[in-house]
Amino acid sequence: MDWVQFAAQWIHVIAAVFWFGGTMYFDFIVLPTLRQVPPLTGREVGRALAKRIPPFMRTAGLIVIAVGLLRGTVWGPLPPGDNSLSFGSEYGMTWSISILLALAIFAVGDGVIGRTAGKLYGDDALWSFATAGGPPPAGFLALSGRLRTFSLVQLALFVATFTCMILMRFGL
Ligand code: HEM
């Protein structure tokens, strides 16, 4: 038993559980709930979450990617690890694709979703309809739509990356 590899896998998987699991919980439980409650309540909670979530997700994502890189190479089969597989092997290609997918997840989460949520919940003008009555303004609808679309894109990228993890487990 290689204890360093064991520790790397442990850290990688627990950070991945937090990153992917936290995202699924947010998309399927938190976001739909924020849309069901009265707008001002949804806004208050949304604004607090938009501040609290990014540092946690950023940290989890960076740990997953950094330890995933090391787990495949230094503490894994790819060079400079035990060299049992090459970067051109099926495993090596799946590992390389995983990096690209995870970087895309990170960029979408931190760059697009985090910023969109910050703008949506932080701009007072977008929420005046909640007290004045009437339909939400176009800016509100555009930002809500962007949040929903990129959450789906991010989920699809997560599912693809997770599939890569299982493939590597079987040597592919
Ligand atoms: C969304 C991001 C990710 C998630 C949710 C995730 C999750 C997982 C899980 C659950 C395992 C354990 C699989 C098993 O033993 O059956 C695993 C293993 C592994 N992951 Fe990730 N991972 C992610 C990103 C990455 C990235 C970006 C890399 C590489 C740069 C990577 C490299 C690895 C490696 C090398 C293994 C060990 C595979 C093996 O040889 O059995 N992971 N990951």
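The values are calculated or read from the model by the stated rules, or taken from the named source; none is laboratory data. All of these numbers come straight from a predicted model, not from anything done at the bench. All Cβ positions, even for glycine, are placed from backbone atoms using ideal geometry, and neighbour counts span all protein chains on display.
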Any hit, the stretch 26-48, residues being farther than 24 Å from Ala130 by Cα and among the hydroxyl-bearing types (Ser, Thr, Tyr): no
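I need the full set of residues from the stretch 67-92 which are among the aromatic types (Phe, Trp, Tyr) and within 23 Å of Val17 (Cα to Cα), in order please. Before the answer, list the steps.
Keep residues of the stretch 67-92 that are among the aromatic types (Phe, Trp, Tyr), which gives 75, 87, 91.
Across the stretch 67-92, the qualifying residues are Trp75, Tyr91.
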Which one of the conditions (1) crowded, with 17+ Cβ neighbours inside 10 Å; (2) in contact with a Leu (Cβ under 9 Å, 6 or more places away or on another chain) does Arg71 fail to meet, given that it meets all the rest? (2)
Would it be correct to say that Ile166 is within 16 Å of the ligand (Cβ to nearest atom), surrounded by fewer than 13 Cβ atoms within 10 Å (Cβ to Cβ), at pLDDT 95 or above and under 20 Å from Gly21 (Cα atoms)? yes
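The rows are residues; the columns are (1) small (Gly, Ala, Ser); (2) over 19 Å from Pro136 (Cβ atoms).
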position: Val17; (1), (2): no, yes
position: Gly21; (1), (2): yes, yes
position: Met24; (1), (2): no, yes
position: Asp27; (1), (2): no, yes
position: Arg35; (1), (2): no, no
position: Gly42; (1), (2): yes, no
position: Gly46; (1), (2): yes, no
position: Lys51; (1), (2): no, yes
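From the set of residues in the stretch 30-68 that are of a type outside the set (Val, Ile, Thr) and near the ligand (Cβ under 10 Å from one of its atoms), which is surrounded by the fewest Cβ atoms within 10 Å (Cβ to Cβ)?
Pass one, the stretch 30-68, residues of a type outside the set (Val, Ile, Thr): 31-32, 34-36, 38-40, 42-44, 46-52, 54-58, 60-62, 66, 68.
Retained after the next criterion (residues that are near the ligand (Cβ under 10 Å from one of its atoms)): 60-61, 66, 68.
Working: Ala60: 21, Gly61: 23, Ala66: 13, Gly68: 26.
Looking at the filtered set, the residue picked out is Ala66.
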Testing Tyr121 on (1) touching a helix residue (DSSP H, G or I) at 6+ places or on another chain (Cβ under 7 Å); (2) free of Cβ contacts under 8 Å to residues at least 60 places away in the same chain; (3) farther than 20 Å from Phe18 by Cβ, one condition comes back false. Which one is that? (2)
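If we scan the stretch 107-121, do we find a residue that is outside any helix (DSSP H, G or I) and not small (Gly, Ala, Ser)? Spell out the reasoning first.
In the first step, residues of the stretch 107-121 are kept if they are outside any helix (DSSP H, G or I); the result is none.
No - not one qualifying residue is present in the stretch 107-121.
Among the listed residues Thr116, Thr94, which satisfies the condition of being among the polar types (S, T, N, Q) and either over 22 Å from Tyr25 (Cα atoms) or within 10 Å of the ligand (Cβ to nearest atom) (or both)?
That would be Thr94, the only listed residue that is among the polar types (S, T, N, Q) and either over 22 Å from Tyr25 (Cα atoms) or within 10 Å of the ligand (Cβ to nearest atom) (or both).
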Which condition number does Ile63 fail, the rest of (1) among the aliphatic types (A, V, I, L, M); (2) closer than 15 Å to Ala16 by Cβ; (3) not in a helix (DSSP H, G or I) being met? (3)
From the list Gly76, Gly21, Gly68, Gly42, exactly one residue is in a helix (DSSP H, G or I) and in contact (Cβ under 8 Å) with a residue 12 or more places away in the chain. Which is it? Gly68
Which one is farthest from Tyr25 (Cα to Cα), of the residues in the stretch 143-163 that are of a type outside the set (Val, Ile, Thr) and within 12 Å of the ligand (Cβ to nearest atom)? Ala160
